[in-house]
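To start, the structure itself, in structure tokens.
The values are calculated or read from the model by the stated rules, or taken from the named source; none is laboratory data. Bear in mind the structure is a predicted one, so any value in this text is a computation, not a measurement. Methodologically, a virtual Cβ is constructed for each residue, glycine included, from the backbone with ideal geometry; neighbour enumeration extends over all protein chains shown. SASA here: full protein model, heavy atoms, side chains in, ligands and nucleic acids out. Shrake-Rupley method; radii C 1.70, N 1.55, O 1.52, S 1.80 Å.
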Amino acid sequence: MSALATNIGLSSDSTSVTKISAHARIDYILRFSKQAILVIDESDEQSAPISGQFLASLPEQHNAAYISLSAQFNNIQIRCRIIEQLYTGELFDPEISLAVSVINLAKKSQQAISIVFDNTQHLSLQLLHEVTQLAAIAKKSNLVVNIVMFGSTRAGKIVADNKSLFDDKLALLSAQSGQLLSTSAAMFKDTEPKWHFIKQNKWLLGLLFFLVAVASLVIGLLQQDSFKFSQVLMTTTQEEVSLSQALAKPQTMVLTRSKEKSAVEEELVKVSAAPADIYFSLIHPSSEPTIKVELLPASPADIMMAMAEESTENIADTINIAAEPVEVYQTKNIAKHNNSTTPLMVNNDYYLARSGYVIQIAAFSELKLPALFIDTLKGVEYQVYQRLLNDKPLIVITSIIYANKAAAELALSQLPESLLNRQPWIKSLEIVNNEINMFLSSQ
């Protein structure tokens, strides 16, 4: 801007500013500072009379060009109109800047030139800068080139936004007061409401709101899922069963038949079996008919006991026993056969600390005494001891002890034919004692 524009500070109160003619101010600037002039008028209707007055005041020797701009004109069209009005028939390049082409033509004719623009708000920033440069170059070249533009405040805002391009090259003039205007004047500030920015960027703001809504929805779902997972899960109130504690308790429920029987069903009494009862029932099961009972749901302790047992016995068999204490070295066992009992004495002490030979008559791995076999032992002197076979208790029936092997062979030949068919054989007491000791150490 010119020195006049920077030194004169216009007040927003128009009553404090002395009004002078805009035409007089234009004539003063063109005569002394020789800058390009932009006359700002808030009313588009008043710019045409002012531009007409300026053209009418020009002397006849002035070569003048008047361009009424519109939004449809491009830069090349505007350059062509200016050159055609100033220098008819001259060849020129419309793509060259006006600061070059007009100066070259002005040097040939040495004639004063005046270029007047109306509706300058439609002039592009490039052409606005070209005409200001044209005035500055003509001043340095001692050529008379007057550039006067008339426009609305929108043209002034273009200059204010790019004031570094127009410093000391362009003078802003008020059409109402005739005073110089500064680029920092209030009329050049952006007075558009804030919603104008929203209107221009509505798609960007819409996308931003959409992303915020999606993020809020995702965060809400994540919080809801984390709340559900953080809730304490309801578990059954069944107490945990310790394997050691369950095995330490009596595990077998034995059903005994009551003496009184009704016409519909028999009353069953549940009795807890002691370890001695379980051991005795495994060695000598009852020969009574099996009582079919209704199976009850198994408890955790029953399941663990069933897993620990390897017996192939039928779980539904009901046995009636009388519990007796089991001795480690001597156990009294009773086998029932046809409603009569034959006592069998397991006498491990009979074999201990002695020498000689015995005849092994039979051994029972399933811990059962067949009824027919008991009949074959009538009239035969025998003894019974216990041993282990595959980590299972085994009852072995032998003859009495003979001092030497010859005596044992003689007794073997005198056994009944029913026992000889079982192929008994002679065994030394050393082997028998070893088997007994292994059985006793496992208890």
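It is to be established whether one or more residues within region 23-31 are touching a helix residue (DSSP H, G or I) at 6+ places or on another chain (Cβ under 6 Å) and modelled with pLDDT under 90.
The answer is yes, given that some residue of region 23-31 is touching a helix residue (DSSP H, G or I) at 6+ places or on another chain (Cβ under 6 Å) and modelled with pLDDT under 90.
Give me the pairs: first residue in region 61-74 and open to solvent by less than 20 Å² (accessible area, probe 1.4 Å), second residue of a type in the set (Phe, Trp, Tyr) and at pLDDT 90 or above, beta-carbon distance under 8 Å, and six or more apart or on different chains, which are they?
Close Cβ pairs satisfying both conditions: Ile67/Phe117; Leu69/Phe117.
Rundown of residues vs (1) open to solvent by less than 50 Å² (accessible area, probe 1.4 Å); (2) at pLDDT 65 or above; (3) not small (Gly, Ala, Ser), yes/no style:
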site: Ala316; (1), (2), (3): yes, no, no
site: Thr331; (1), (2), (3): yes, no, yes
site: Ala335; (1), (2), (3): yes, no, no
site: Asn338; (1), (2), (3): no, no, yes
site: Leu367; (1), (2), (3): yes, no, yes
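Six or more apart or on different chains, Cβ atoms under 9 Å: show the pairs whose first residue is in region 152-167 and without any contact (Cβ under 8 Å) to a residue 60 or more places away in the chain and whose second is of a type in the set (Lys, Arg) and surrounded by fewer than 20 Cβ atoms within 10 Å (Cβ to Cβ).
Lys157/Lys189; Ala160/Lys189
If you take the residues of region 142-164 that are open to solvent by less than 40 Å² (accessible area, probe 1.4 Å) and not hydrophobic (A, V, I, L, M, F, W, C), which of them is nearest to Val100 (Cα to Cα)?
So the first thing to find is which residues in region 142-164 are open to solvent by less than 40 Å² (accessible area, probe 1.4 Å), and the list is 143, 145-153, 155-156, 159-160.
Still in the list and also not hydrophobic (A, V, I, L, M, F, W, C): 146, 151-153, 156.
Values: Asn146: 15, Gly151: 25, Ser152: 28, Thr153: 29, Gly156: 25 Å.
It comes out as Asn146.
Which numbered condition trips up Ile83, out of (1) in contact with a helix residue (DSSP H, G or I) (Cβ under 6 Å, 6 or more places away or on another chain); (2) open to solvent by less than 20 Å² (accessible area, probe 1.4 Å)?
In the conditions (1) in contact with a helix residue (DSSP H, G or I) (Cβ under 6 Å, 6 or more places away or on another chain); (2) open to solvent by less than 20 Å² (accessible area, probe 1.4 Å), Ile83 misses (1) alone.
Given the criterion open to solvent by 40 Å² or more (accessible area, probe 1.4 Å) and among the aromatic types (Phe, Trp, Tyr), identify the matching residue among Phe92, Phe117.
Working: Phe117 fails: open to solvent by 40 Å² or more (accessible area, probe 1.4 Å).
Selected residue: Phe92, the only one of Phe92, Phe117 that is open to solvent by 40 Å² or more (accessible area, probe 1.4 Å) and among the aromatic types (Phe, Trp, Tyr).
Leu125 - would you say it is closer than 20 Å to Ser68 by Cβ and surrounded by fewer than 20 Cβ atoms within 10 Å (Cβ to Cβ)?
Working: closer than 20 Å to Ser68 by Cβ: yes; surrounded by fewer than 20 Cβ atoms within 10 Å (Cβ to Cβ): yes.
When the stated conditions are applied, Leu125 passes them.
Answer with yes or no whether Lys139 is open to solvent by 20 Å² or more (accessible area, probe 1.4 Å), of a type in the set (Lys, Arg), without any contact (Cβ under 8 Å) to a residue 12 or more places away in the chain and not in a loop (DSSP other than H, G, I, E, B). Spell out how you get there, then give the answer.
On the way: open to solvent by 20 Å² or more (accessible area, probe 1.4 Å): yes; of a type in the set (Lys, Arg): yes; without any contact (Cβ under 8 Å) to a residue 12 or more places away in the chain: no; not in a loop (DSSP other than H, G, I, E, B): yes.
No, not satisfied.
For (1) of a type outside the set (A, V, I, L, M); (2) in contact with an Asp or Glu (Cβ under 9 Å, 6 or more places away or on another chain); (3) more than 20 Å from Ile283 (Cβ to Cβ); (4) buried (at least 18 other Cβ atoms within 10 Å of the Cβ), each residue gets a yes or a no:
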site	(1), (2), (3), (4)
Val380	no, no, yes, no
Gln386	yes, yes, no, yes
Ile395	no, no, no, yes
Ile400	no, yes, yes, no
Gln423	yes, no, yes, no
Ile426	no, yes, yes, no
Glu435	yes, no, no, yes
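Can you name the residue in region 165-220 that is exposed (fewer than 14 other Cβ atoms within 10 Å of the Cβ) and of a type in the set (Lys, Arg) and is also modelled with the lowest pLDDT among such residues? Break it down stepwise before answering.
At the first step, the residues of region 165-220 found to be exposed (fewer than 14 other Cβ atoms within 10 Å of the Cβ) are 167, 184, 186, 189-220.
From the residues that got through so far, the ones that are of a type in the set (Lys, Arg) too are 189, 194, 199, 202.
Details: Lys189: 81, Lys194: 58, Lys199: 71, Lys202: 82.
That would be Lys194.
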